[in-house]
Amino acid sequence: MMMEQLSFFSESGHTPGLPSDLLQYTPDFFSESESEIHLAHLIAETPWKQKVVSMYDKQVVTPRLSAWYADPEIYDYTSLRKSSPNFWTPELMLIRNKIEAFTGIKFNSVLLNYYRDANDSVAWHSDNEEALGTHPVIASLSLGQVRGFDIRNKQNHKQKYTVKLENGSLLLMKGNLQQHWDHRIAKSTKKMKERLNLTFRIVH
């Protein structure tokens, strides 16, 4: 069965008016049952850490938990403060293999973010670190609670879209998206269950 690929020219409600050379959204990349199994296993078995970052001369605890896995030759990554990666588990390898077969792209690392409830979030940012290259391709898998993925133009903040990232969905970010657009997962005033986001990357 072919998976449905929604272009960002679509009027489906999931997909804003962004071109498909920047974003490609695939709902039900994993079935609901597969997604629930992966969600439970990864939450229980991942060695989660909560990062502390410097902002405006203050030490700030990030409102989410994270973990980084990578191939053996990948030793550091700026977003994780040059921490050493964990090595791939069999479950993460299976997920990576499926994403690579679907996209035709080989990834060498994955960043996991664990949003425990409505208070967990990630602020506006772009994944434009030098280690990711000039036009990074990032495959973002969502498991668990549906959350809004906000996107805004760096030069014109009024140009803003929200994509609802569903359980088991895959969002492919590519082209010059990271150069011209920021994204975030905002806090919510509504009650939220657990959500995992796995972003598969190519670190050079």
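The values are calculated or read from the model by the stated rules, or taken from the named source; none is laboratory data. Just so it is clear, the structure is predicted and the values come from calculations on it, not from any experiment. Because the Cβ atoms are built from the backbone with ideal geometry, glycine has one as well, and the counts that use them run over all protein chains shown.
Listed values, structure above:
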{"read-out": "Residue ID - surrounded by the most Cβ atoms within 10 Å (Cβ to Cβ), chosen from residues in the stretch 125-144 that are touching a Phe, Trp or Tyr at 6+ places or on another chain (Cβ under 9 Å) and polar (S, T, N, Q)", "value": "SER142"}
{"read-out": "Any hit, the stretch 20-27, residues being modelled with pLDDT of 90 or more, small (Gly, Ala, Ser), surrounded by 15 or more Cβ atoms within 10 Å (Cβ to Cβ) and touching a Phe, Trp or Tyr at 6+ places or on another chain (Cβ under 8 Å)", "value": "no"}
{"read-out": "Restricting the stretch 40-72 to residues that are charged (D, E, K, R) and within 15 Å of LEU92 (Cα to Cα), the residue that is surrounded by the fewest Cβ atoms within 10 Å (Cβ to Cβ)", "value": "GLU45"}
{"read-out": "Residue check, PHE107 under 15 Å from the mean Cα position of the chain (by Cα), modelled with pLDDT of 95 or more and over 20 Å from ALA40 (Cβ atoms)", "value": "yes"}
{"read-out": "Failed condition for SER35, given (1) modelled with pLDDT of 95 or more; (2) of a type in the set (Ser, Thr, Tyr); (3) closer than 26 Å to GLU129 by Cα", "value": "(3)"}
{"read-out": "Test: residue in the stretch 174-189 that is basic (Lys, Arg), in contact (Cβ under 8 Å) with a residue 24 or more places away in the chain, closer than 17 Å to ARG64 by Cα and outside any loop (DSSP other than H, G, I, E, B)", "value": "yes"}
{"read-out": "Selection within the stretch 168-204 - crowded, with 21+ Cβ neighbours inside 10 Å and among the polar types (S, T, N, Q)", "value": "SER169, GLN178, ASN197"}
{"read-out": "Unmet criterion (only one of (1) surrounded by 14 or more Cβ atoms within 10 Å (Cβ to Cβ); (2) modelled with pLDDT of 80 or more; (3) within 20 Å of ALA186 (Cβ to Cβ)) for THR15", "value": "(2)"}
{"read-out": "Matching residues, the stretch 117-151, being of a type outside the set (Gly, Ala, Ser) and assigned to a loop (DSSP other than H, G, I, E, B)", "value": "ASP117, ASN119, ASP120, ASP127, ASN128, GLU129, THR134, HIS135, PRO136, VAL137, GLN145, VAL146"}
{"read-out": "Qualifying residue in the stretch 126-138 (condition: out of contact with any His (no Cβ under 8 Å at 6 or more places or on another chain), touching a residue at least 24 places away in the same chain (Cβ under 8 Å) and either among the aliphatic types (A, V, I, L, M) or more than 29 Å from GLU73 (Cα to Cα) (or both))", "value": "yes"}
{"read-out": "Options ARG147, ARG116, ARG152; residue that is over 14 Å from the mean Cα position of the chain (by Cα) and either buried (at least 20 other Cβ atoms within 10 Å of the Cβ) or farther than 24 Å from THR46 by Cα (or both)", "value": "ARG152"}
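Conditions tested, residue by residue: (1) at pLDDT 95 or above; (2) aliphatic (A, V, I, L, M); (3) in contact with a Ser or Thr (Cβ under 7 Å, 6 or more places away or on another chain).
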site: LYS164; (1), (2), (3): no, no, no
site: GLY175; (1), (2), (3): no, no, no
site: GLN178; (1), (2), (3): no, no, yes
site: GLU194; (1), (2), (3): yes, no, no
